[in-house]
Amino acid sequence: MSAHEVIIVGGGPAGLAAAAELHRLGIRDTVVLEREQHAGGVPRHCRHRGFGWVEFRRILTGPAYAQRLLEHAAGAVVRTGTTVTAIGSGGAVQVAGPGGRETLRAARVLLATGARETPRAARLVSGTRPWGVFTTGTLQQMVYLAGLRPCRRAVVVGSELVAFSSLLTLRHAGARAVALLEESGTVLAPGPARLVARAVFGTRVITGARVVAIQGAPRVTGVEIEHPGGRETIACDGVVFSGRFVPETALLRPSHLEVDPGCGGPVVDQYARTTDPIYLAAGNLLRPVEASWTAWAEGRAAARVIAASLRGTLPEAHHHTRLEPAGSVRYISPQRIAHPAPLPAALPFNLRVDHPLRGRLRVMADSRELWGERRTLLPERRVLLPLPAGRMAAVAEAMVEVADPVAL
Amino acid sequence: MQCDVAIIGGGVVGLAILRRLSMGGVTAVLLEKGADILSGASKGNSALLHTGFDAPPGSLELACMRAGYAEYLEIRERLNLPLVETGGLVVAWTPAEAARLPAILAQAHGNGVVDAALMDAPALHAREPGLAPGALGAVLVPGEHVIDGWSAPLAYAHQAMAHGAAILRGCTVEGGEREGDAWVLATSRGEVRAPVVINAAGLYADHVERIARTPPFTIRPRKGQFVVFDKTAWPLVNAIILPVPTERTKGVLVCRTAYGNVLAGPTAEDVDERESPTVDEAVLEWLVRKARALVPGLAGHGVNAVYAGLRPATESKDYRIEALADRGWITVAGIRSTGLTGSLGIASHVAGLYARHFGALREAPVPVWTPVPNLCETGQRPWQAAAPGEVVCHCELVTRHEIEAALSGPLPAGDLGGLKRRTRCLMGRCQGFYCGWRVMQLAAGRLPDACAEPLAP
């Protein structure tokens, strides 16, 4: 069994940022395990520009950004084509690689396995099950990595930012997005997204629209939809289900680490430590889903915690304050506050609500308000909670809720 | 093309018959209209190996199941076919259901399943800790098992081919005439001439039967929808958890799959469709709720896949297997949920009919065994080997070698579904998010429906 100082599971922005930062902090024995043939993560197949400003003061395409992340992580060993099949107590990591299976061990393990979109099956969508139905991720990789055009006329489901990646990718492939469907009443991506879709891509944007059934076999021929104007069938040979990211927790579920059903990621404290302090987590594994620079920042912050804990400047937690979401608060991550807290938090307290609303966002303990502020909250926007961790050492459990809510 | 026997239909039943006859020295060809074998009823079922404990006493169905069950156990190791020894539990939740357990047990014993036994509630919950509280008792049937419903017929196909059988895919039978002592079948791939035709056309058995006679039955497809939970749920379920059946259906079961998932289904819906059965959001949601009511721990686990299968039901419950001695025709129809278990038994029964009416069988002195790659979670998989090479599908841990092997050989995957059934690629929790592009790249030009076209340079 080979032992390392740090093992990083996942070579995307969070994992590679952590590897680079660990090296900068003088940790010299870091191994990044990446199951794909190339490290870099999701940006590798996001061909559009918009990456790297926070990190490198450059505006880069996804692949260029991934390349730069990899260059900065040159101090670590990056093992590609290497799949982690199980994690265990004591930092034991089961690995399957081109050379067979082995067990690795490390003093600290950073989990940075990212997130993926919810595919059609898990959405329980009605209809036939033809070829031609995929996620944005599959679409991007087929176009940009395999050089294939998977369809010519697509319907895109969802209106998070990633849906607009679909539009770009389809256009690059010489295909047309005939419609973009959003279940809720408004487009979720920020800015003038609806206008952009229509003016730049010639895509009809339909809000309040639900997929009634997928049609066709063996290839998709159309989508029947329902919207405020009634029912209609849109002819297409491709359907892209975009967004609704879920953390990739396949390794955590069977492990000894606790998973938060609310956000789908591991239970962590403000130092990115899971319920076993040997294991830390960063990036979109924590919760769905933030931009690459956030994952990058979290990876860096987790690396600093790892360095501090290896050097003994960050003690293990003595006890925790558990944060419980209530009412329209869907989740909060980190889910607990570790005490003592001698260093500033590595991860901000990040919450999401389940519908657009206005009200007093507050943290309650034994019917006492510890913190509160009037806010307008939208479901797909990140909301940061400036919790006074140091002053909460005596609180065992605190509730995060929106008082006097008014739905928007 | 000329041979002794033409079998119409490449489902598990047709393939088992093809295997049996070709191992008996009969020159046989199988005609399948789909792009691959298992394109009809056989592609969507619960993949269980049944004891026949609840089959109609004295029926041909029971006899074929018992024989098929025994033969599967006898041959499975030589074909590298798995057996997940789960046992089955018919669970009673109401006093009325509990009152029916002794009759279910008596039927099981009468059917020769002598190790079936009653279980009280404490023993039941001890054996099945994931089960929701409140069960009143169960009938335990230790011999009910989970198998790989796609690899088994694939193995039968390979073994048949190793004994000289031919399989024509994309071959629709359009009609046929009896000319002298032989049938001349008109197919989309030319004329096929054979003294004996076996109708194993499943969902189209009544259409095919018209070639020989006015069909004495009509196929009335009965749809079953299923949901497949993530592999993370596998430890929650031990046995095949069955409800006390009603007159109409055996009801919704929850069980492990050979691939390491938890399966819930099927529904039983009479439909008109014979192709591409649809799934329905409301029904799938109901199945998910139902499964989580039976096994509350499933609430924390996602759904990986959903599917629907069609049972080729007829007006009556029993198998319709019959030889028309004067017309060189054997009908094998109305094989519903028990076809996977019964197939080997059906094949022996059909071989008996063939020998009695049409010609002798000469058993191969040294049969050829054609083991298939293991896809079962409990056995060794190629990714666990010393030098597995590239892992393409991360959720199901499918290697590039496995995908390439499935795209070549004597019976390469005929379509994307066939590739998935042979390897498990694209069948996991991400449904292709990570590896879809790579599978398409490997399959490009080799599958008709991997129909992504190359981008212009």
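The values are calculated or read from the model by the stated rules, or taken from the named source; none is laboratory data. Here the structure is a predicted model, which is why all the values come from computation and not from measurement. Glycine also receives a Cβ, built like all others from the backbone with ideal geometry; neighbour counts cover every protein chain displayed. In case anyone asks, the SASA skips ligands and DNA or RNA and just uses the protein heavy atoms, side chains included. Shrake-Rupley method; radii C 1.70, N 1.55, O 1.52, S 1.80 Å.
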Which residue out of A:Gly262, A:Gly229, A:Gly238 is modelled with pLDDT of 95 or more and either touching a His at 6+ places or on another chain (Cβ under 7 Å) or of a type outside the set (Asp, Glu) (or both)? A:Gly238
Which numbered condition in (1) within 27 Å of the chain's Cα centre (by Cα); (2) aliphatic (A, V, I, L, M); (3) within 14 Å of chain A (Cβ to nearest Cβ); (4) surrounded by 24 or more Cβ atoms within 10 Å (Cβ to Cβ) is the only one that B:Val350 fails? (3)
Every residue from region B:106-145 that is outside any loop (DSSP other than H, G, I, E, B), open to solvent by less than 50 Å² (accessible area, probe 1.4 Å), in contact (Cβ under 8 Å) with a residue 12 or more places away in the chain and among the aliphatic types (A, V, I, L, M): B:Ala108, B:Ala117, B:Met119, B:Ala121, B:Leu124, B:Ala138, B:Val139, B:Leu140, B:Val141
Which residues, taken from region A:330-348, are open to solvent by 10 Å² or more (accessible area, probe 1.4 Å) and among the hydrophobic types (A, V, I, L, M, F, W, C)? A:Ala341, A:Leu343, A:Ala345, A:Ala346
Exception for B:Val279 within (1) touching a Phe, Trp or Tyr at 6+ places or on another chain (Cβ under 6 Å); (2) at the interface with chain A (Cβ under 8 Å from one of its Cβ atoms) falls at (1)
Looking at (1) surrounded by fewer than 23 Cβ atoms within 10 Å (Cβ to Cβ); (2) within 11 Å of chain A (Cβ to nearest Cβ), which is the only condition B:Val368 fails? (2)
Every listed condition ((1) at the interface with chain A (Cβ under 10 Å from one of its Cβ atoms); (2) in a loop (DSSP other than H, G, I, E, B); (3) under 23 Å from A:Val220 (Cα atoms)) holds for B:Arg446 save (1)
For B:Val13, only one of the following conditions fails: (1) under 15 Å from the mean Cα position of the chain (by Cα); (2) more than 29 Å from B:Ala194 (Cα to Cα); (3) open to solvent by 10 Å² or more (accessible area, probe 1.4 Å); (4) aliphatic (A, V, I, L, M). What is its number? (2)
Inside region B:204-234, can you point out the residues that are within 14 Å of chain A (Cβ to nearest Cβ) and surrounded by fewer than 21 Cβ atoms within 10 Å (Cβ to Cβ)? B:Trp234
Answer with yes or no whether A:Glu71 is modelled with pLDDT of 95 or more, over 18 Å from the mean Cα position of the chain (by Cα) and over 16 Å from A:Ile306 (Cβ atoms). yes
Can you name the strands (runs of 3 or more DSSP E) wholly within region A:1-53 that have at least 3 residues being crowded, with 23+ Cβ neighbours inside 10 Å? A:2-9, A:30-33
Considering only residues of region A:209-231 that are more than 14 Å from chain B (Cβ to nearest Cβ) and open to solvent by 30 Å² or more (accessible area, probe 1.4 Å), which is nearest to the chain's Cα centre (by Cα)? A:His227
Within region A:356-378, tally of residues that are touching a Leu at 6+ places or on another chain (Cβ under 9 Å) and either open to solvent by less than 70 Å² (accessible area, probe 1.4 Å) or among the hydrophobic types (A, V, I, L, M, F, W, C) (or both): 13
State all residues of region B:41-69 that are open to solvent by 40 Å² or more (accessible area, probe 1.4 Å), small (Gly, Ala, Ser) and touching a residue at least 40 places away in the same chain (Cβ under 8 Å); if no residue qualifies, say none. B:Ala63, B:Ala67
Within region B:22-36, restricting attention to residues that are of a type outside the set (Gly, Ala, Ser) and within 24 Å of B:Gly414 (Cα to Cα), which residue is most open to solvent (accessible area, probe 1.4 Å)? B:Lys33
Exception for B:Glu269 within (1) away from chain A (no Cβ under 14 Å); (2) open to solvent by 30 Å² or more (accessible area, probe 1.4 Å) falls at (1)
Residues of region A:162-190 satisfying the condition of being in contact with an Asp or Glu (Cβ under 9 Å, 6 or more places away or on another chain) and in a helix (DSSP H, G or I): A:Val162, A:Ala163
Can you work out which of the residues in region A:74-113 that are open to solvent by 20 Å² or more (accessible area, probe 1.4 Å) and outside any strand (DSSP E or B) is farthest from the other protein chains (Cβ to nearest Cβ)? A:Gly75
Failed condition for B:Ala333, given (1) within 8 Å of another protein chain (Cβ to nearest Cβ); (2) closer than 23 Å to B:Ser39 by Cβ; (3) modelled with pLDDT of 95 or more; (4) in contact with a Ser or Thr (Cβ under 9 Å, 6 or more places away or on another chain), with all others met? (1)
Of those in region A:117-161 that are part of a helix (DSSP H, G or I), facing another protein chain (nearest Cβ under 7 Å) and among the polar types (S, T, N, Q), the residue surrounded by the most Cβ atoms within 10 Å (Cβ to Cβ) is A:Thr138
Give me the pairs, please: first residue somewhere in region A:245-263 and at the interface with chain B (Cβ under 10 Å from one of its Cβ atoms) and under 18 Å from A:Arg116 (Cβ atoms), second residue anywhere and assigned to a loop (DSSP other than H, G, I, E, B) and open to solvent by 50 Å² or more (accessible area, probe 1.4 Å), beta-carbon distance under 7 Å, and either six or more positions apart or on two chains. A:Val259/A:Arg253
Residue that is nearest to B:Ala35 (Cα to Cα) [pool: residues in region B:158-177 that are among the charged types (D, E, K, R) and part of a strand (DSSP E or B)]: B:Glu174
Is it the case, given these coordinates, that B:Ala264 is open to solvent by less than 10 Å² (accessible area, probe 1.4 Å) and without any contact (Cβ under 8 Å) to a residue 40 or more places away in the chain? yes
Please go through region A:292-325 and give me each residue that is open to solvent by 30 Å² or more (accessible area, probe 1.4 Å) and within 20 Å of A:Val395 (Cα to Cα), ordered by number. A:Pro315, A:Glu316, A:Ala317, A:His318, A:His319, A:His320, A:Arg322, A:Glu324, A:Pro325
Boolean, B:Gly309 is open to solvent by less than 30 Å² (accessible area, probe 1.4 Å), within 14 Å of another protein chain (Cβ to nearest Cβ), small (Gly, Ala, Ser) and closer than 30 Å to B:Leu89 by Cβ: yes
Residues B:Cys425, B:Cys376, B:Cys395: which one is buried (at least 17 other Cβ atoms within 10 Å of the Cβ) and facing another protein chain (nearest Cβ under 10 Å)? B:Cys395
Tell me, which residue of region B:272-281 that is in contact (Cβ under 8 Å) with a residue 12 or more places away in the chain and in contact with a Leu (Cβ under 7 Å, 6 or more places away or on another chain) is least open to solvent (accessible area, probe 1.4 Å)? B:Pro277
